[in-house]
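The values are calculated or read from the model by the stated rules, or taken from the named source; none is laboratory data. Given the structure is predicted, the values throughout are model-derived calculations rather than measurements. All Cβ positions, even for glycine, are placed from backbone atoms using ideal geometry, and neighbour counts span all protein chains on display.
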Amino acid sequence: MNKKIMVTLFLAVFMLASCSTISNLGIGGESVEEELELQEIKSEPTEATLSDSIYYRDELEEDPNKDWGLRVITGLEEQLILSQMGGKLRLRTLPPNDVNFIFLNKNNDYKDVIVQAEVENDGPIDNGYSLICRATEEGWYEFRISSSGYYELIRFDQYKKNEGKNAYTNLLEKRFNSTLIKGGLDKNVFSLSCVGSTISAFINGDQLYYKKLPLAIEDSTYGEGTIGFGILGFGESLDMTFNWVEAVKP
């Protein structure tokens with residue numbers, strides 16, 4: 001066998017051995033550096049999910065005064081027209097004043113709870129639905145959505161209100177729009193979660209995102225209290241419905 005053929009065979013054997021070694025390492029056609037980079041990639045944050053273990057549920061088919069107490073934050077009580085129709089609580093308001101009416105549960109206090117409700121709109125979309133957790137005489141946490149597509153996560157301070165100051169602190173700095181909110185006459189289910197010092201919110205079963213992360217605000221101002229729901233509007237008549245309200249175990 002001449003030298004040229006021997007050299008060719010030697011090179012072929014060497015190349016086959018090299019390919020086998022790479023295959024055994026599990027690297028395939030990528031470099032070692034590329035494989036290390038893949039190992040350093042971190043997974044996306046895991047979104048929270050809603051429990052189906054219910055503490056309390058009100059279908060709102062009976063007189064709401066039995067379990068809920070009305071509180072007027074702004075406006076006049078005479079502006080509120082409350083009625084029940086088809087197993088739903090219909091809440092209408094008359095102009096001209098801005099209104100903010102909330103209903104606080106008389107019978108149940110919770111530390112860790114998810115309060116949620118199903119709502120639908122029969123009037124102007126410049127409105128707001130609210131859910132409340134950990135309400136006491138000192139204040140509460142509140143989550144609002146509007147049929148116009150915005151949401152807010154806020155904290156109410158009764159002492160500030162008593163001093164004539166703005167009682168609300170926006171935990172997100174401002175209101176945001178969300179495509180999760182169904183507009184017009186469609187139904188929406190929205191949820192406020194208060195677990196430990198973490199306050200978070202959901203719309204139609206999906207957790208909201210804030211600054212590209214699942215929305216979860218750390219705030220330990222209030223640790224326990226009752227739940228609530230409400231409506232607010234800005235000088236126009238409203239026609240809004242709560243189909244049910246419930247407190248869910250996290």
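State whether one or more residues within segment 183-194 are surrounded by fewer than 21 Cβ atoms within 10 Å (Cβ to Cβ) and free of Cβ contacts under 8 Å to residues at least 24 places away in the same chain. Reasoning before the result, please.
Start the filter on segment 183-194 by keeping residues that are surrounded by fewer than 21 Cβ atoms within 10 Å (Cβ to Cβ), which leaves 183-189.
Filter once more, keeping what is free of Cβ contacts under 8 Å to residues at least 24 places away in the same chain: none.
No.
From the residues in segment 38-76 that are basic (Lys, Arg) and at pLDDT below 95, which one is surrounded by the fewest Cβ atoms within 10 Å (Cβ to Cβ)?
42
Limited to segment 227-250, what total is found for residues that are over 17 Å from the mean Cα position of the chain (by Cα) and surrounded by fewer than 19 Cβ atoms within 10 Å (Cβ to Cβ)? So that I can check it myself, show each step before the final result.
Taking segment 227-250 first, the residues over 17 Å from the mean Cα position of the chain (by Cα) are 231-244.
In the following step, the residues that additionally are surrounded by fewer than 19 Cβ atoms within 10 Å (Cβ to Cβ) were identified as 234-237, 239, 243-244.
Looking only at that region, the number is 7.
Could you please tell me which pairs satisfy a Cβ distance under 6 Å, a separation of 6+ or placement on different chains, a first residue in segment 86-98 that is within 16 Å of residue 72 (Cβ to Cβ), and a second residue that is small (Gly, Ala, Ser) and in a strand (DSSP E or B)?
Matching pairs, first to second residue: 93/233.
Every residue in segment 98-115 that is over 20 Å from residue 244 (Cβ atoms) and either modelled with pLDDT under 95 or assigned to a strand (DSSP E or B) (or both), please.
The answer is 98, 99, 100.
With (1) under 16 Å from the mean Cα position of the chain (by Cα); (2) modelled with pLDDT of 95 or more; (3) not in a strand (DSSP E or B) as the list, and residue 166 as the residue in question, which single condition is left unmet?
All conditions are met except number (1).
Can you spot a residue in segment 83-98 that is under 20 Å from residue 224 (Cβ atoms) and surrounded by 12 or more Cβ atoms within 10 Å (Cβ to Cβ)?
No: zero hits.
What's the number of the condition residue 231 fails, among (1) touching a Gly at 6+ places or on another chain (Cβ under 7 Å); (2) in a loop (DSSP other than H, G, I, E, B); (3) under 30 Å from residue 83 (Cα atoms); (4) in contact (Cβ under 8 Å) with a residue 60 or more places away in the chain?
(2)
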